[in-house]
1. So Gly67 ticks every box in (1) open to solvent by 10 Å² or more (accessible area, probe 1.4 Å); (2) assigned to a loop (DSSP other than H, G, I, E, B); (3) touching a residue at least 60 places away in the same chain (Cβ under 8 Å) but one. Which box is left unticked?
2. Can you pull out the strands (runs of 3 or more DSSP E) entirely within the range 521-570 that have at least 3 residues that are surrounded by 20 or more Cβ atoms within 10 Å (Cβ to Cβ)?
3. Within 16 Å of the ligand (Cβ to nearest atom) and among the aliphatic types (A, V, I, L, M), is that true of Leu302?
4. Regarding the range 315-326, can at least one residue be identified that is more than 16 Å from the ligand (Cβ to nearest atom) and either on the phi > 0 side of the Ramachandran plot or surrounded by fewer than 23 Cβ atoms within 10 Å (Cβ to Cβ) (or both)?
5. Going through the range 1-42 one residue at a time, which ones are outside any loop (DSSP other than H, G, I, E, B) and within 16 Å of the ligand (Cβ to nearest atom)?
6. With the range 376-472 as the region, which helices (runs of 4 or more DSSP H) entirely inside it contain at least 1 residues that are among the hydroxyl-bearing types (Ser, Thr, Tyr), touching a helix residue (DSSP H, G or I) at 6+ places or on another chain (Cβ under 8 Å) and open to solvent by less than 10 Å² (accessible area, probe 1.4 Å)?
7. If you go through the range 169-214, how many residues are part of a helix (DSSP H, G or I) and open to solvent by 40 Å² or more (accessible area, probe 1.4 Å)?
8. Suppose we filter Asp275, Asp281 for residues that are within 15 Å of the ligand (Cβ to nearest atom), out of contact with any helix residue (DSSP H, G or I) (no Cβ under 8 Å at 6 or more places or on another chain) and open to solvent by 40 Å² or more (accessible area, probe 1.4 Å); which single one remains?
Amino acid sequence: MTRALGVCYYPEHWPEDVWEQDASDMVKAGLTWVRIGEFAWARMEPTPGDIQLDWLDRSIAILGKAGLKVVLGTPTATPPRWMADKHPDMFAVDENGHVRGFGSRRHYCFSHQGFRAESRRITEILAKRYGNNPHVAAWQTDNEYGCHDTTLSYSDAAKDAFQDWLAQKYQSTAALNRAWGNVFWSMDYDEFDQIGLPNLTVTEPNPSHALAFRRFSSDQVVAFNREQAQIIKAHSDAPLIHNYMGRITDFDHYDVGADLDIASWDSYPLGFLEDRMEDGDAHKRAYAQQGDPDLQAFHHDLYRAVGKGRWWIMEQQPGPVNWAPVNPAPLPGMCRLWAWEAFAHGAEAVCYFRWRQAPFAQEQMHAGLLRSDREPAPALAEAAQVARELTQIPDCGTTNASVGLVFDYASAWAWEVQPQGTGFDYFRIVFETYRALRKLGLDIDILPPNCADLTAYKLVLAPGLLALSDDLKNALTAFNGVAVIGPRANSKTEELTIPTPLPPNLPKLDLTITRSETFRADMDRPLQGSGHIRHWLDHVDTNAPVLEHTKAGDPVLIGNGPIRYLAGWLDETALDRVLTNICAEQQIETTPVQDGLRIRRTDTHVFAFNYGLETATFQGQDIPSAGVYWAPK
Ligand code: GAL
């Protein structure tokens, strides 16, 4: 597998006479891919039906002639202003009933049939024109589905589509009433067109109603993407990609990914640390210019699963961004480190965002590889260095993990609908588990909830998983390693009701949860060994051996066979101890690492990345802050 670098480029932002120089400078820097087009609808179609693509033809020709491969984006994330006159009700509506208007981007509702037709139309125009273009070597559908909170829309179009979706799913309102338990508070419906969206209710809506709306909203994204995918596939053999984001769980990325060839994601480590992580100030200060040491790797592994093995970074932070509460510059070396870490996790390409800083509009304070005056910005030299290094190590092998960690989007929705305690965040519990595994120097595969084969793994974990799929249940029944399931796992039906028999109903484990409790963030429960339980504790009835107890005597880790139940949310100390013990017992080799150091092995190489501020040592080598080390295995 060859690895390559690329960049995001906006020819429509610059006079045409600089395009050729830009293309040759990209090649000089060692770049292979260039993504264009994804926000250019108003230039492609300035007035309804007036298709103007000569500029795009010329731009693709110039980039291609220079030797670059083009990723062409469909422009549907930015419908032009005239579209709003044509379809005045195409806008998404927020939970409070406010229309989300024109003047930025992503101002469409996924359920609006008029806009869906416009999306198919422009996609078909592009697919027909460029489907056989030798320089268009990949396609991107839309841009960052769900960005700016745009998956959920409470519009009339969404309500109509939701009613249709419910009618297809339940066939009768009697079945729906039964499934949701609408007898409670006299919420029964006689007709599907009586069912509203679960916003603006007096107090909380029925959780089954709210979860159904989340599933529906995800399906709308899938359907929107599928329409574009099918159209492009009819005209082009080039692979289809979407660029997902960090810590966005509003739609099921596995479902979207099923219609595409490659997953990609947009990695902004410094922005995410400040904007999307709940770690305390000390952690944020320690990693302010490097990013969280595990957040990027988590998403690399997640999107490798979403892409069924094939994945890219479509946008890589190149310097300060503009959108986080504070926007520091990366430490020298980080733009190189982030790229290498992606390659070590199997990325086929890493594209920096963006080629040249824009001097105008919303992102004028966002760095690029070049400054807005066309002079190099610091990341250009780092990108060029990675490009040179890639010629020395073009194939760094594929993934080879012995630990699997289940990640499921519906679980994230379910616990947002029914948190039962402010601390219970699904992404967070999975991510903390991932971080603890990484601190032991382990390589991890993220597994989808319908994973049917666990034979590659010695250890599998599924914290907070809403419901076990039949596939996963069968795979667990046949599993020879150790699976740690819980807390709060298999605790609800797909409808968000309590199942019978009572949870967790796991194969090969005699265990019933009798009740669950949540507690204040400042009232952690100490364990008999080191560490504490936070946020959540399932109380259980069991005859199975208990390996961990709280100081008060509550069972916490239950079972000593292949299936074990974890009844509480372990803090870092407890998680480290419990995982270390299981790894020792299962003869899984661990390599506990210093603070900011992280390790990643492929089948051919071992890599080490130093996110810390101090020099770290690995395999007898000093690795400076922001440094990367690799060696053949
Ligand atoms: C991404 C987006 C880009 C740009 C970038 C800025 O979320 O896809 O278009 O806005 O962020 O960091």
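The values are calculated or read from the model by the stated rules, or taken from the named source; none is laboratory data. These numbers come from a predicted model, not from an experiment. All Cβ positions, glycine included, derive from the backbone under ideal geometry; neighbour counts span all protein chains shown. Ligands, DNA and RNA are excluded from the accessible area calculation, which covers all protein heavy atoms including side chains. Shrake-Rupley method; radii C 1.70, N 1.55, O 1.52, S 1.80 Å.
1. Single failed check for Gly67: (3).
2. Qualifying strands (runs of 3 or more DSSP E): 532-542, 555-558, 563-566, 568-570.
3. no
4. no
5. Gly6, Val7, Cys8, Pro11, Glu12, His13, Trp33, Val34, Arg35, Ile36, Trp41, Ala42, listed by residue number.
6. 409-417, 426-439
7. 8
8. The conditions single out Asp275.
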